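All of the numbers you see were taken from the coordinates with simple rules; none came from a lab. Predicted model only: the values in this text are computed from it and were never measured. Positions of Cβ are backbone-derived with ideal geometry, glycine not excepted, and every protein chain shown enters the neighbour counts.
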Amino acid sequence: MLELFPIGLVIALAALLLVSAPWLSARRPILSLAMVAGAILGPHGAGLVTPSLLDTLAPILALSAGWLALMAAESWDLASLRRARVGHVLLAIGGTATLGDASPVMLAALPSAVLLGCAALAADADAARDALARAVHPDPRARQAPALASLALGAALLGLSVAWGLQASAISAGSPLTWHAGRHVVMTLLAGGALGVVYAQPLRLAQGRAQTLALLLALPLVGWGLAGLLGTSPLCVLFVAGAILANDLRRRDLVFTLLGEHQRPMTLAMIFVAGAMLPLPEADPRSAAIWTIAAIFIVVRALAWRFAGSRVGLARVIPLSVLAIPMMLEALSWPGGGAPAYAAPFILVAAGTFMIDELLWLAPRPLTVPVVAGTPAPRG
Amino acid sequence: MTIQPVLWLGLVGLAGCLGAMACRLLRLPGSAGALLGGLALRMAAGWWDPAFAPSPAADLMALATAVFVCFALGCCLELRLLREQGSRILGLALTQALLIIVLVGAAGFALGMGRALAIALGAAAVAGSPAAAAAVAFEMRARGAATQRLFALSAASLVMSFACGYLISSSWTPVMAGLWALGGGVAAGLVLLIPLSRLETRGSILACAGAGVLLVTAAAWDAIQPWAVACLAAIVAGFVCGALSARREALREALRDAAAPGAILLFALWGAAASPAVLKIGLPAALAILASRTAALAAASFLHVSAPGAREGIALLPMGAAPSGVLAASVLLSQIAGLAGSRWWLAGSGDTAAGDDPDAWRARMR
């Protein structure tokens with residue numbers, strides 16, 4: 001057995017569970033607690049979550065991030081795609097172009113973030129906000145978002161995954177615009193498509209909830225491992241596989257219901273590890289740029305507090321953080337980077353999620369998302 | 001070519017699911033199929049790369065999944081049953097432990113072991129597998145007196161195994177580990193009870209239970225018998241939460257539904273952890289241990305219950321240990337046979353709904 005769990009971690013976990021009770025009673029967002037706890041316990045904090053433990057927990061990270069990538073494909077069936085707005089296409093193009101431009105050096109992430117934020121704003125702001133809420137927030141209000149909303153997130157994810165190929169080519173061939181980039185993209189699409197087609201067969205034959213859920217638990221791990229073997233983007237592979245399932249599967253409602261039902265523990269696990277991976281600025285030169293972006297998020301969050309009661313403030317502020325999710329997810333396996341490389345963009349999602357969580361908590365009434373009768377009462 | 005830990009875990013899960021689906025077609029428990037699926041994958045990996053060994057991440061995942069399944073089992077245990085039948089269950093568990101030590105020890109003696117080694121073998125075979133009982137019961141959505149007895153007996157056999165630890169090591173350390181597991185389980189249960197009693201939605205309950213699983217796993221990782229300590233502590237913690245929580249039905253429903261697929265993955269991981277070479281060597285001894293253990297359990301149930309009640313003993317066949325080391329073949333064989341026996345016993349007990357539609361749960365969500 002490895003020496004993975006210092007006694008201090010056991011005590012800290014127990015204390016964390018005890019602290020969560022008054023936190024919940026005060027109706028504070030639990031995602032924020034998970035992130036803060038991860039940061040305090042992580043290698044850059046108290047050091048109780050050791051790097052070797054983080055390495056051992058890598059499958060959980062792959063599972064939770066892959067789970068969200070699968071969920072992002074929920075509305076990528078042909079019927080929904082036909083109703084897509086021009087703004088979503090703009091978002092995808094913006095994401096691809098800006099990150100493709102910036103990918104050779106992560107130091108250029110700041111302009112890409114600004115451009116991608118503009119692209120998000122150019123797209124439909126309501127849809128982008130709903131997409132974000134649906135993707136990261138387990139609040140029942142967010143779960144009732146229109147199906148069309150997740151198109152924006154999916155488009156951004158797809159665009160960023162294309163940029164993954166460009167980044168890989170930039171490392172291997174010195175220039176992003178080589179034929180290697182195209183090969184990466186084609187391999188990613190083919191691998192995801194094949195995974196989706198093959199996986200649809202056992203999902204069709206699965207009997208009941210237990211077997212379906214067990215199959216779904218294995219899917220992100222298989223997809224992640226397959227992408228690792230092929231050197232392609234794991235999240236794009238899983239997203240494409242999810243899109244195939246959304247179109248091909250007779251029981252797609254069952255599959256996506258199960259994915260949505262277990263989104264909260266997956267998100268919490270991811271956010272906790274995200275907090276633990278918070279790097280110090282001096283640990284990696286790239287993280288200086290990421291910290292800059294995080295600082296922007298903090299300023300934006302402060303503004304959000306100011307405009308919490310204002311619909312105009314919410315509608316303009318929230319879509320900016322759309323970029324946080326795909327960047328974080330994709331950067332988990334960013335080519336050429338070890339732990340610091342994929343740890344840095346975690347700050348984005350941590351800050352973004354923290355902000356959304358706070359905003360949803362502060363919102364005086366459900367945003368634009370209707371609360372359906374029979375669902376649990378909203379918080380706040 | 002080495003296999004990455006993430007890909008390996010994914011393939012193990014997939015193989016387990018396929019095995020479970022195949023076994024359900026044959027009306028066998030899915031967990032047995034998952035075990036065989038994992039074993040088949042491990043044999044294929046060994047053929048692909050003779051030096052292949054699973055990563056430590058697989059060990060940790062298996063332990064954490066077992067803790068989660070045991071926590072769900074403990075949560076589903078009814079305090080009322082323990083009040084009414086606690087002494088009888090303890091008596092039966094004690095009889096089972098004594099007969100297992102005698103009969104399995106005799107089998108070991110017949111196989112050429114020394115007296116001390118044979119007694120140690122018998123003592124090591126006492127522990128039952130609560131995870132196996134939970135896997136079958138949750139898969140069949142079984143609820144009732146027979147299910148409760150099965151849960152309680154498998155948990156009691158785990159307690160007995162700590163008491164028998166003195167016979168194996170001639171020291172009080174295993175007994176102290178058992179007491180530590182009981183006390184730690186109560187403490188973990190009380191800690192978990194505070195946030196769990198405030199949660200309503202399924203996702204939140206599972207997230208909190210996941211944190212509890214990490215807590216118990218971390219606490220037991222360096223213990224002298226990590227698997228037994230972690231499983232017993234998880235059962236006790238789950239029992240404390242299930243007995244004291246005001247929202248125990250929501251808690252039980254959420255955990256039961258999540259533990260069923262968790263058990264499939266657990267048995268797939270166990271199957272994939274077994275080394276084919278060790279299995280081949282230990283097969284004759286495993287058959288002898290299995291036969292003597294079956295006889296001991298059936299005899300104990302016959303003495304305490306009745307002749308038809310001897311079937312209950314078959315349901316308790318799975319041995320409670322990870323299938324590695326010298327007892328790997330015995331553990332695997334007992335689990336495969338015991339999972340089928342548990343399904344047989346529960347199906348005959350009337351605890352399962354006849355013609356249960358596996359997708360009926362969806363109606364409640366609409």
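A few points about this structure:
- Whole-Å semi-axes of segment B:64-127's equivalent ellipsoid (Cα gyration tensor): 31, 17, 6
- Local electrostatic count at B:TRP270 - Lys and Arg +1, Asp and Glu -1, tallied over other residues with Cβ under 14 Å: 0
- Span-like helix ranges in chain B, DSSP H, alpha carbon extent 18 angstrom or more, Kyte mean at least 1.0: B:5-25, B:56-76, B:79-110, B:145-169, B:173-196, B:202-220, B:226-244, B:276-304
- Residue with peak Gaussian network fluctuation, chain B [Cα springs, cutoff 10 Å], from B:ASP257, B:ASP49, B:ASP59: B:ASP49
- Top of B:ALA53, B:ALA120, B:ALA272 by mean-square fluctuation, Gaussian network on chain B, Cα under 10 Å: B:ALA53
- Per-residue average of Cβ from other chains inside 10 Å of B:262-272: 2
- Reducing segment A:219-255 and segment B:146-202 to their Cα centroids gives an inter-centroid distance of 39 Å.
- At 1.002 mPa s and 20 °C, Stokes diffusion of chain B via Kirkwood alpha-carbon radius, µm² per second: 105
- Computed per residue of chain B from DSSP H runs no shorter than four, each worth -39500 (n - 2.57), the mean residue ellipticity at 222 nm is -27000 deg cm²/dmol.
- Relative contact order [Cα under 8 Å, 6+ residues apart], segment B:117-197, whole percent: 32
- Quotient of Cα Rg and 2.2 N^0.38 Å for segment B:91-250, N being how many residues it contains: 1.16
- Principal axis dimensions, largest first and in whole angstrom, of segment B:208-319 by Cα: 46, 41, 27
- The Cα-based radius of gyration and maximum Cα-Cα distance (Dmax) for segment B:1-118 are 20.1, 58 Å.
- Environment charge at A:LEU215 (Cβ cut-off 12 Å; Lys +1, Arg +1, Asp -1, Glu -1): +3
- Where trypsin sites (Lys or Arg not before Pro) fall in DSSP loop in segment B:1-79, at most 14 other Cβ within 10 Å: B:ARG27
- The trypsin sites (Lys or Arg not before Pro) found in segment A:185-251 that occupy coil by DSSP, while having at most 12 further C-beta atoms within 10 Å, are A:ARG250.
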